[in-house]
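The values are calculated or read from the model by the stated rules, or taken from the named source; none is laboratory data. Only a predicted model underlies this, so the values are computations on that prediction, with no experimental measurement involved. Here the Cβ is made from the backbone with ideal geometry for all residues, glycine too, and neighbour counts use every protein chain on show. Each accessible area value is taken on the protein alone, full model and side chains, heavy atoms only, with ligands, DNA and RNA left out. Shrake-Rupley method; radii C 1.70, N 1.55, O 1.52, S 1.80 Å.
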Amino acid sequence: MVVDPGQLRLLALIERHGSLTAAAHALQLTPAAVTQQVVKAERDWQVPLVIRGPRGATLTAAGALLASHGRTVEEASEKAGAELAALLGHLSLRLRIGTFQAAALHLLPSALTALRHRHPDADVSVVDVVSGRGADEISAGRLDVAIVASWGKPLAPSPHLRAHPLLLDPMVVVLPDDHPLATGQPANTELHLKQLRDESWVSIMAGHAAREQFHNAAREAGFTPTVRFETESYDVAQALVGTGSAVALVSRLALTHAPGTAHRELARPRPHRQLYAVTKTDASLTPLADMLIDLLRDVAHDITATWEAPLQGEEQRSSKSPHERLHGRALPPGQQGPDSSPDEPGSSYTDS
């Protein structure tokens with residue numbers, strides 16, 4: 001015989017309240033529906049369970065026996081409900097974030113500060129995750145939000161995941177600060193890649209999407225780049241440029257303003273990477289995820305507005321010699337860019 005826990009609980013309620021009507025009220029059912037359930041229970045158990053009288057209802061010996069187990073079911077149900085409510089309350093305040101370094105430096109701090117003001121009891125954690133692993137970490141349930149980057153084409157996650165666009169991060173050219181293209185024209189002059197066709201390049205390691213994007217852009221500009229240095233770090237790339245040995249294509253978000261370097265914007269259409277926040281399609285158990293994404297978009301909007309504003313002070317910074325930059329006054333506050341070392345040993349240059 002298959003035991004229906006609902007029948008056990010019904011009998012416990014009839015015993016407690018002494019009538020079918022009161023039991024129906026407790027179950028939010030009609031008296032007729034409860035009567036039908038009693039009839040079905042007696043048919044299933046093949047024994048009378050309830051004695052109906054003018055002053056209510058009492059249980060037979062068999063009904064009382066089953067009702068004792070019904071009380072256990074009811075207690076377990078109440079405990080389960082309380083524990084679930086506590087769990088959902090915890091989940092509603094928990095937010096596990098994965099991100100690569102440039103986003104952690106420039107997108108997350110302001111967004112997390114605002115989130116803390118709104119929810120000071122939020123349980124927030126942040127871990128380094130390379131872009132190629134972010135969606136997998138969400139699918140596995142180890143993260144609630146992953147900030148990732150995609151090069152040259154929109155991110156297309158699995159159907160159970162959702163990609164929320166955050167920021168279009170353009171590539172810029174990083175030059176030695178005594179390079180003719182850095183000293184011979186205003187700092188807001190946009191360059192064309194074909195102007196750099198004869199340069200030596202610091203490039204990312206082969207096999208990464210950003211390397212493919214770089215070669216495609218060079219091919220469209222009519223040349224094959226001479227790659228002298230390969231690295232997995234934007235920080236290393238810019239440091240090498242500062243030696244005067246090469247030029248590099250670097251994400252705008254990851255600029256460090258390394259000593260001995262200047263950067264110039266590229267003429268449109270320019271290569272870029274698109275930053276996304278990846279979540280589960282159904283994020284109802286983590287309401288803070290949607291709030292964080294809204295805050296990240298606000299920060300991204302501010303960053304984009306700053307990039308689009310006229311450059312100030314770049315000409316002065318570019319005209320300084322390497323000696324002046326190294327031994328003169330310190331760079332102004334806010335000019336120090338992110339330390340774009342890899343997210344983890346062996347991680348991608350492109351996640352700086």
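Couple of notes before you dig in:
- Over all pairs of different C-alpha atoms in region 152-211, the reciprocal of the mean inverse distance, the Kirkwood hydrodynamic radius, equals 15.2 Å.
- Region 1-57 - Debye-derived log10 I(q)/I(0), Cα point model, q = 0.19, 0.23, 0.24 Å⁻¹: -0.60, -0.89, -0.96
- Around the Cα centre of the chain, unit charges on the Cβ atoms of Lys, Arg, Asp and Glu (plus for the first two, minus for the last two) sum to a dipole of about 820 debye.
- Å² of accessible area per residue within the chain, as computed with a 1.4 Å probe and no ligands counted: 51 Å²
- 3J(HN,Hα) from dihedral phi, region 187-199, Karplus parametrisation 6.51/-1.76/1.60, rounded to Hz, x for glycine, proline: 5, 8, 6, 8, 9, 9, 4, 5, 5, 10, 5, 9, 7
- Calculated mean residue ellipticity at 222 nm for the chain: -13500 deg cm²/dmol, from DSSP H runs with n ≥ 4 weighted as -39500 (n - 2.57), summed, divided by the residue count and rounded to 500.
- All C-alpha to C-alpha distances of region 119-181, sorted into 5 Å bins beginning at zero, yield P(r) values of 3, 12, 20, 17, 13, 11, 8, 6, 4, 3, 1 percent in whole numbers.
- Shape analysis of the chain yields a ratio of the Cα radius of gyration to the Kirkwood radius, Rg/Rh, of 1.31.
- Fraction of accessible area attributable to carbon and sulfur, region 103-216 (%, probe 1.4 Å): 51 percent
- Computed from point charges on the beta carbon alone (+1 for Lys and Arg, -1 for Asp and Glu), the dipole magnitude for region 83-223 about its Cα centre is near 340 Debye.
- 5 angstrom amide H check on Val50, placed H, neighbours 5+ away: Thr60
- Each peptide in 206-214, 252-260 was scored by the mean count of other Cβ atoms within 10 Å over its residues; highest first, the order is 252-260, 206-214.
- Region 1-138 - Debye-derived log10 I(q)/I(0), Cα point model, q = 0.17 Å⁻¹: -0.89
- In degrees, nearest ten, helix 5-17 long axis to first principal axis of the chain (Cα): 60 degrees
- Three principal axis lengths of region 184-301 [C-alpha, angstrom, descending]: 54, 32, 26
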